[in-house]
Amino acid sequence: AAAYPGYLKLTPPLVVNLAGGRRAKYLKLDIEFFIDTAEDAGLVTTHMPLIRDRMITLLGGRQGDQLTTKEAREQLRVELLAKLRETLTQQAGAPAISAIYFTGFLIQ
């Protein structure tokens with residue numbers, strides 16, 4: 001069993017289509033959530049389909065060239081965290097995720 005506070009890895013990595021051009025573009029994200037308690041980890045695990053759906057909805061269709069700077073990635077992290085905390089609070093009664101870390105970020 002994992003000890004908390006600690007990290008919970010999103011598996012499999014998230015892959016979304018990006019907008020732009022004639023050729024298909026993809027964003028592949030390896031993400032780790034920082035979780036404070038085992039109870040919060042249970043909420044995140046239980047609601048993982050909802051979490052993945054929200055991330056796909058939020059990220060899909062963005063312009064790949066707008067995600068390449070450090071500032072853009074940081075803004076994306078802030079936006080994702082806020083949306084996921086809001087969603088989990090509405091669905092499960094607690095925000096559950098304290099932080100999000102990108103451990104892989106590939107645009108192709």
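The values are calculated or read from the model by the stated rules, or taken from the named source; none is laboratory data. Nothing here was measured: the structure is a model prediction, and the numbers come from that model. Every residue, glycine among them, receives a Cβ derived from its backbone with ideal geometry; neighbour counts consider all protein chains shown. Note: accessible area is taken over every heavy atom of the protein model, side chains too, but ligands, DNA and RNA are not part of it. Shrake-Rupley method; radii C 1.70, N 1.55, O 1.52, S 1.80 Å.
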Pop the C-beta distance of Ala92 and Gln66 into the FRET formula with R0 = 41 Å and round what comes out to the nearest 0.05.
0.85
Given backbone amide H placed at 1.01 Å from N, residues whose amide H is under 5 Å from that of Arg62, ignoring those fewer than 5 places away on the same chain, are Ala19
Which value at 222 nm does the chain reach when only helices count, each DSSP H run of 4 or more adding -39,500 (n - 2.57), with the total divided by all residues and rounded to the nearest 500 deg cm²/dmol?
-13500 deg cm²/dmol
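Using a 1.4 Å probe on the protein heavy atoms, what percent of the accessible area of the chain belongs to carbon and sulfur?
Numbers: 3240 of 6280 Å².
Carbon and sulfur atoms account for 52 percent of the accessible area of the chain.
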Charge dipole of the chain built from unit charges on the beta carbon (Lys, Arg +1; Asp, Glu -1), centred at mean Cα; most positive-end Cα among Ile35, Tyr101, Leu58 is Leu58
Net lengthening on full extension, Asn17/Ala2 (0.36 nm per residue, minus Cα-Cα)
2.2 nm
Heavy-atom accessible area per residue, the range 9-108, 1.4 Å probe: how many Å²?
57 Å²
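For Tyr4, Tyr101, give the ranking by accessible area with the largest first, probe 1.4 Å. If you can, show how the numbers build up before the last one.
On the way: Tyr4 60, Tyr101 100 Å².
In descending accessible area the options line up as Tyr101, Tyr4.
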